[in-house]
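Have a look at the structure below before the remarks.
The values are calculated or read from the model by the stated rules, or taken from the named source; none is laboratory data. Remember, predicted model here, so these are calculated numbers, not experimental data. Here the Cβ positions follow ideal geometry from the backbone for every residue, glycine too, while neighbour counts run over all protein chains shown.
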């Protein structure tokens, strides 16, 4: 049991840190959209290849591939429409990512008793916590990306594992799209660094990965016309359209700045250990596994520079690889440091940390108000007001200005399934913004809070 103690500590520390934010209903807009679409899919409003946000907005929802949304919908189907369902899904995915990282660590012939080290390094990356809390599709894609690397490493010993690696790339694509395709370069990177296989085998493995992953998607398209329509719309609008027309940053270097700022603690730990141990740079190139992982990391970041549509969370899937690579280099330093303590002292410290983190988790569950919101308090308040006065799945008229408030639209879809009608006439209820929208004729205000008016039509 002792060999699992350190891993348990990492997981409970992770829970203790993230539970307060998970118990809040406030979320980043994208995650809200995905949760609302997943909930609708679970209860029959839309399906896997024709998901929808509501009957009036984003119907169908062709913004991203549907696999992660479909997987999350299974949790809604099993647990019902509870506000914590999307958080539970993300926690399960996060723990599975940790499990796959441990398997990769062992496959790279690292010491099993230190498999907690890359997990601990991943936990110092704020982007990982943020993605889990906010229900991002990148979290699910990261699980399949890590699995793709794991199966590829296994394929170096048993060739047929390469098939599973290709399937994982397909699943990663169906979760978030093109941001996983850098894994096609795995055979070349490991051949370039380690030279353990011939050039011919590397080329063949690359073709198997590419053809295999594309083949799975092609088979899905051939078997289902809806799948073709969905993926065609996604690639045409979101991939090609974004590269050509969408601009979210002023410099192509922004993605690198975001990546290094999110991983700064990992790089500082590596730098400090090098300074304390006076390790020369030449000694770093000895560990070929670490070098290969670093190359894979940057192959997942640099291609994003081709587009001016960049978001920091696009790079999430490379962070487990970065954590493993740096952990490999830090391992001798950490092992020597821990060996200065006796086994009894180390075990006592581990038990204290484990018990403390478990107690912290229990305290949060007992004392933290489950309906609190750390963000979007006003939007959640007006959503609760709407739920109080209007039956779920009802129709609401909104103004042109509110049609641009995607967070409000997402909350109303997630927590009530409301259909919003732009400048809708003959609506029974209207949601308007104080000081900016005029009241429609023949209406009365039935509630005003958080900067909004909820208005009901009065019979003439």
For this session: Go through region 172-187 and count every residue that is under 14 Å from the mean Cα position of the chain (by Cα) and either assigned to a helix (DSSP H, G or I) or within 26 Å of residue 199 (Cα to Cα) (or both).
Result: 7
For this session: Examine region 56-67 for a residue that is in a helix (DSSP H, G or I) and either modelled with pLDDT of 90 or more or farther than 22 Å from residue 172 by Cβ (or both), and state whether such a residue exists.
Result: yes
Problem set entry | helices (runs of 4 or more DSSP H) (entirely within region 224-327) containing at least 1 residues that are modelled with pLDDT of 90 or more, in the same structural domain as residue 141 (by TED's automatic domain parsing) and under 25 Å from residue 132 (Cβ atoms) | 254-262, 264-277, 288-301
For this session: Taking residue 226 as meeting all but one of (1) on the phi < 0 side of the Ramachandran plot; (2) surrounded by 19 or more Cβ atoms within 10 Å (Cβ to Cβ), write down the number of the exception.
Result: (2)
For this session: Name the one entry in 199, 190 that is over 27 Å from residue 36 (Cα atoms), without any contact (Cβ under 8 Å) to a residue 60 or more places away in the chain and assigned by TED's automatic domain parsing to the domain that holds residue 98.
Result: 199
For this session: Among the candidates 102, 97, 169, single out the residue that is surrounded by fewer than 23 Cβ atoms within 10 Å (Cβ to Cβ) and either in contact (Cβ under 8 Å) with a residue 60 or more places away in the chain or part of a helix (DSSP H, G or I) (or both).
Result: 102
Problem set entry | Residue that is modelled with the highest pLDDT, among those in region 360-392 that are touching a helix residue (DSSP H, G or I) at 6+ places or on another chain (Cβ under 7 Å) and in a loop (DSSP other than H, G, I, E, B) | 376
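Per-residue answers, yes or no, for (1) within 14 Å of the chain's Cα centre (by Cα); (2) more than 16 Å from residue 84 (Cα to Cα); (3) modelled with pLDDT under 90:
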position	(1), (2), (3)
19	no, no, yes
25	no, no, yes
41	no, yes, no
45	no, yes, yes
50	no, yes, no
Exercise. Being farther than 30 Å from residue 360 by Cα, in the same structural domain as residue 99 (by TED's automatic domain parsing) and in contact with a helix residue (DSSP H, G or I) (Cβ under 7 Å, 6 or more places away or on another chain), is that true of even one residue in region 18-33?
Worked result: yes
Exercise. Is region 133-147 home to any residue that is assigned to a helix (DSSP H, G or I), at pLDDT 95 or above and over 23 Å from residue 311 (Cβ atoms)?
Worked result: yes
